[in-house]
Amino acid sequence: MTLNTTVRDVTDRIIDRSRTTRESYLARMRAAGEDGPARAHLSCSNQAHAYAAMGADQDRLATTRAPNIGIVTAYNDMLSAHQPFGAFPDIIKDTARAAGATAQIAGGVPAMCDGVTQGQDGMELSLFSRDVIAMAAGIALSHNTFDAAVFLGTCDKIVPGLVIAAATFGHLPSIFLPGGPMTSGLGNDEKARVRKEFAAGKIDRAALMQAEMDAYHGPGTCTFYGTANSNQMLMEIMGLHLPGAAFVNPGTPLRDALTRAGTARILQNTALAGQYLPLCDILDERAFVNGIVGLMATGGSTNLVLHLPAMAHAAGITLTLQDFSDLSAITPLLARVYPNGLADVNHFHAAGGMPWLIAQLLDAGLLHGDVQTVAGPGLASYSEEPILTGDTLTWRPGPAQSENDKILRPHSDPFQSTGGLKHLKGNLGEGIIKLSAVAPEHRLIEAPARVFETQEAVIAAFRAGELDRDTVVVLRFHGPRANGMPEVHGLTPTLSVLQDRGHKLALVTDGRMSGASGKIPAAIHLSPESATGGPLARVRDGDVIRLDAEAGTLENLAADFAGRSPETLDLAAGHHGTGRELFELFRANAGPATSGASPLFPDGDAA
């Protein structure tokens with residue numbers, strides 16, 4: 001199928017925009033790759049320190065030219081999605097030994113859970129944890145004893161942070177090995193219903209707790225299509241997973257077989273194996289365009305609009321919100337997975353999953369099929385699905401048709417003709433809105449503003465009956481420089497109650513809404529942010545705000561709006577406790593949300 005002209009044009013302008021920084025990045029990667037296996041340049045003392053604890057592998061590391069894999073892991077057993085990774089290093093090491101190679105755990109990275117910190121002070125560390133993860137992974141790989149890298153991570157900020165680090169060490173062949181989603185528990189629609197009933201005071205905390213435990217009940221990612229599962233889609237469609245690996249449940253024979261196969265594959269991609277494939281040759285402009293298209297086609301997480309530019313910066317590539325908007329306009333929505341539908345990711349996988357999705361997007365000319373992947377040249381193999389027969393792992397063509405057209409539809413008959421995200425512009429700044437779960441009748445709202453500086457104040461106003469009318473809730477001073485740009489998804493049940501009462505309602509904020517944002521129209525990531533004197537700091541209670549999500553406009557209609565002085569807020573009290581005092585350097589140097597809100601790239605320019 002001929003490549004869609006918009007996909008081609010957006011790719012070409014990204015290439016042109018990034019030419020200087022991309023060439024500089026590739027020159028650094030080529031120079032590092034030409035040095036050959038890094039540990040060959042270490043002194044005997046350097047190497048002895050690195051191999052001292054390796055037991056039977058010591059001799060192979062010291063005397064042979066067999067590849068050595070560095071494992072960077074986000075394992076902990078507080079996160080359900082990362083608990084399965086505890087078993088992965090042994091599988092990787094055993095597979096490497098069987099191939100005459102070695103593997104070492106290079107280092108661990110932190111992995112926090114937004115589900116635990118949602119609405120809590122710790123959420124203000126969440127976005128910046130991405131950059132901490134990138135730096136921690138960089139430290140792990142800085143020992144220069146590895147011929148390839150394996151990255152173990154799944155959730156919200158973990159995968160983007162690992163990708164930033166992987167791109168920084170882009171001369172190394174690298175692969176991402178996923179853990180998979182937990183099996184299905186309480187349905188997502190039922191979970192949402194219980195949360196709304198609790199917010200409305202109709203049920204007690206015990207009933208709420210039981211529903212939450214029934215929903216989040218075992219190892220693996222949460223089963224809704226939030227940031228964690230959007231990450232897994234992204235890694236597969238960008239060619240950093242093996243085909244069909246994203247949504248296989250943990251603790252299954254197929255999951256273990258894919259882990260072994262991924263290890264074997266990365267060994268084949270090393271320079272010592274004779275078919276050197278560094279990550280920098282996979283993470284190019286076309287791969288990032290494929291990732292954005294996949295995000296739009298599935299109604300993926302709004303958080304990735306922050307993470308993809310930061311990830312691209314690390315590879316010398318600059319993305320803009322206009323790139324997202326233009327690709328969204330020509331990408332049909334092919335998947336309905338909660339919160340954009342009732343199905344969870346296990347249902348999505350059973351209906352055809354990633355092989356079906358990629359085959360459809362390739363057929364529509366919406367993906368670059370000629371990219372390089374960890375599995376080899378071209379994306380066509382990603383329309384195949386893995387199958388385990390006895391102990392033998394093979395791939396077969398994916399399903400010829402969707403197994404459930406309420407979850408997956410062909411590009412010729414999509415759920416809607418455009419993607420799940422929309423770029424917003426106007427006198428309130430620049431931001432985004434996720435439309436895939438917002439009903440058409442809720443996409444245009446013109447109503448008086450009610451201004452808040454904390455989520456607690458919003459909930460208090462709701463309980464006092466002050467929001468029981470058409471309202472645009474403005475939540476400001478929640479950008480990266482103010483307080484680390486926390487998710488404000490905890491407001492969703494409250495705002496949903498108001499919408500269900502028949503009120504016109506929207507949220508406008510310089511904070512994040514989360515990968516689970518749903519039916520409430522939410523203009524998020526507003527930039528410039530309030531803490532830097534952005535337009536939200538000039539909004540007053542009663543100002544009429546007009547949000548037209550279809551047109552992509554966000555305006556304050558007050559006649560004197562442009563001439564007002566911005567309000568200021570003393571944020572110092574919120575910069576202490578729960579580790580927040582350690583992140584002052586990050587807050588002070590964070591870039592704008594439009595370019596990823598990263599302190600590593602504060603000016604928004606590519607590395």
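Throughout, read-outs are computed from the coordinates displayed, never taken from laboratory work. Quantities reported herein were computed from a predicted structural model and do not represent experimental measurements. For neighbour counting, all protein chains shown are included, and Cβ atoms are generated from backbone atoms with ideal geometry for every residue, glycine included.
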Here P(r) for the range 402-449, Cα-Cα distances in 10 Å bins, as whole percents, is 19, 41, 25, 12, 2
Nearest 10 degrees, 0 to 90: what angle lies between the long axis of helix 353-363 and the longest principal axis of the chain (Cα atoms)? 90
Helix 321-330 axis, angle to the chain major axis (alpha carbon atoms, nearest 10°): 90
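How much length is gained on full extension from F561 to D500, taking 0.36 nm per residue of separation minus their Cα-Cα distance?
On the way: separation 61, 0.36 × 61 = 21.96 nm, distance 3.13 nm.
Net length gain for the segment: 18.8 nm.
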Where does helix 158-168 land angle-wise versus the long Cα axis of the chain, in degrees 0 to 90, nearest 10? 50
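Hand me the tally of lysine pairs in the chain: alpha carbons under 13 angstrom apart, and the pair either on different chains or 8 or more positions apart.
Values: K196/K519; K422/K434; K434/K519; K504/K519.
So the count works out to 4.
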Across the range 120-127, in residue order, what do the Karplus-derived ³J(HN,Hα) couplings come to in whole Hz, using 6.51 cos²θ - 1.76 cosθ + 1.60 with θ = phi - 60° and x for Gly and Pro? 10, 4, x, 4, 6, 9, 4, 4
Take every Cα pair under 8 Å in the chain that's 6+ residues apart, average their separations, divide by the length, and report that relative contact order as a whole percent. 15
Of all DSSP beta bridges having both residues in the chain, the percent classed as antiparallel (nearest 5) is 50
Pairwise centroid distance, computed over Cα atoms, of the range 206-221 with the range 83-147, Å: 26
Whole-Å distance linking the alpha carbon centroid of the range 348-398 with that of the range 1-60 is 25
What is the set of long-range amide H partners of A148 at a cut-off below 5 Å, with H atoms built 1.01 Å from backbone N? N68, G70
Counting only residues 5 or more places away or on other chains, whose amide H sits under 5 Å from the amide H of L424 once H atoms are built in the peptide plane? G431, I432, I433
Between T318 and residues 5 or more places away or on another chain, which pairs have amide H atoms under 5 Å apart, with H built 1.01 Å from N, and which residues are they? S18
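Computed FRET efficiency, Cβ-Cβ of A439 and T20, R0 45 Å: what is it to the nearest 0.05? List each step's numbers first, then the result.
Numbers: r = 44 Å, r/R0 = 0.99.
The calculated FRET efficiency here is 0.50.
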Protection proxy (average C-beta count within 10 Å per residue), highest first, orders 41-49, 369-377 as 369-377, 41-49
J(HN,Hα) series, the range 384-397, from Karplus relation 6.51 cos²θ - 1.76 cosθ + 1.60, nearest Hz, glycine and proline x: 9, 10, x, 9, 10, 10, x, 9, 9, 9, 9, 10, 10, x
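May I ask you to compute the full-extension gain from R28 to K425, defined as 0.36 nm times their residue separation minus their alpha-carbon distance, rounded to one decimal in nm? All intermediate terms of the calculation are to be shown ahead of the outcome.
Numbers: separation 397, 0.36 × 397 = 142.92 nm, distance 3.71 nm.
Length gained, R28 through K425: 139.2 nm.
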Give a residue-ordered list of calculated ³J(HN,Hα) values for the range 196-213 (Karplus: 6.51 cos²θ - 1.76 cosθ + 1.60, θ = phi - 60°; whole Hz; x for Gly, Pro). 5, 5, 5, 4, 7, x, 8, 10, 8, 5, 4, 5, 5, 4, 5, 5, 5, 5
Per the Kirkwood formula on distinct C-alpha pairs, the Rh of the range 421-595 is how many angstrom? 16.1
